[in-house]
1. One residue is enough: does the stretch 63-70 have a residue meeting the conditions of a type in the set (Ser, Thr, Tyr) and open to solvent by less than 10 Å² (accessible area, probe 1.4 Å)?
2. Restricting attention to the stretch 13-50, report how many residues are hydroxyl-bearing (Ser, Thr, Tyr), surrounded by 11 or more Cβ atoms within 10 Å (Cβ to Cβ) and modelled with pLDDT under 95.
3. Limited to the stretch 57-103, what total is found for residues that are more than 14 Å from the chain's Cα centre (by Cα), part of a strand (DSSP E or B) and farther than 18 Å from Glu133 by Cβ?
4. Looking only at the stretch 88-119, count every residue that is touching a residue at least 40 places away in the same chain (Cβ under 8 Å) and under 21 Å from Lys137 (Cβ atoms) and tell me the total.
5. From (1) at pLDDT below 95; (2) loosely packed, with under 14 Cβ neighbours inside 10 Å; (3) of a type outside the set (A, V, I, L, M, F, W, C); (4) more than 16 Å from Leu127 (Cα to Cα), pick out the condition that doesn't hold for Asp10.
6. Scan the stretch 106-132 residue by residue and report those that are within 21 Å of Leu85 (Cα to Cα), touching a Ser or Thr at 6+ places or on another chain (Cβ under 8 Å) and crowded, with 19+ Cβ neighbours inside 10 Å.
Amino acid sequence: MKQPLRQPYDDLVAAAIDYHNAQLAHARSEFRLSDHECFQFDQPSGLLTFSTAGIPQVYAPAQVIGTHSTASESWLWAWENTSILPNLVLLSLRIREFGERHAYDRLTTARFPASEREAWFLAAVALYISHSEVVYKCPSTNGSTFLAVQSLSWAT
């Protein structure tokens with residue numbers, strides 16, 4: 001029996017970017033993500049909260065995809081990052097398993113040099129593979145943490 005041909009990585013990235021852009025447009029339109037003053041990600045609960053004037057507006061459970069360091073211009077998958085709680089790396093473990101099945105080195109190598117642009121590509125691929133709702137980038141002093149938002153809902 002012939003093995004099915006593996007999708008080239010560049011084709012996977014292109015499909016993932018299209019998916020990401022469509023998901024982002026929907027999230028911005030439906031939940032006005034760009035309008036909220038601040039966000040907070042609570043690692044123990046895995047809950048991302050968007051607030052305005054100190055009042056929560058939108059809630060979203062999320063998983064950590066990975067981190068991008070601006071100091072070293074590198075990517076680190078969440079499954080290898082010891083500062084991330086184990087319950088928040090489950091999605092990234094699924095991405096690694098997908099990478100192992102399809103021989104995509106970028107999805108199975110824990111840390112490697114990467115620009116912020118490539119970090120976005122990796123986050124989009126994770127979003128696409130996991131069928132999550134949207135990627136959210138949480139900036140920090142030394143880079144960014146990329147989250148896969150599972151589902152957005154209005155605060156009641």
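The values are calculated or read from the model by the stated rules, or taken from the named source; none is laboratory data. If you're wondering where the values come from, they're calculated on a predicted model, not measured in any experiment. We place every Cβ from the backbone using ideal geometry, glycine too, and count neighbours over all the protein chains shown. Just so you know, the surface numbers come from the protein's heavy atoms only, side chains and all, with ligands and any DNA or RNA stripped out. Shrake-Rupley method; radii C 1.70, N 1.55, O 1.52, S 1.80 Å.
1. At the first step, the residues of the stretch 63-70 found to be of a type in the set (Ser, Thr, Tyr) are 67, 69-70.
Okay, now just the ones that are also open to solvent by less than 10 Å² (accessible area, probe 1.4 Å), so none.
No, the stretch 63-70 has no match at all.
2. Residues of the stretch 13-50 hydroxyl-bearing (Ser, Thr, Tyr): 19, 29, 34, 45, 49.
After this cut, where a residue has to be surrounded by 11 or more Cβ atoms within 10 Å (Cβ to Cβ) as well, the list is 19, 45, 49.
After this cut, where a residue has to be modelled with pLDDT under 95 as well, the list is none.
Looking only at that region, the number is 0.
3. Of the residues in that region, 2 qualify.
4. The initial filter retains those residues of the stretch 88-119 that are touching a residue at least 40 places away in the same chain (Cβ under 8 Å), namely 88, 91, 102-104, 106, 113-116, 118-119.
Then keep just the ones that are under 21 Å from Lys137 (Cβ atoms); that gives 88, 91, 106, 113-116, 118-119.
Qualifying residue count for the region: 9.
5. Every listed condition holds for Asp10 apart from (4).
6. Filtering the stretch 106-132 down to residues within 21 Å of Leu85 (Cα to Cα) leaves 107-111, 119, 122-123, 126-127, 130, 132.
This time we only want the ones that are touching a Ser or Thr at 6+ places or on another chain (Cβ under 8 Å), so: 111, 119, 126.
Selection gives Ala119, Ala126.
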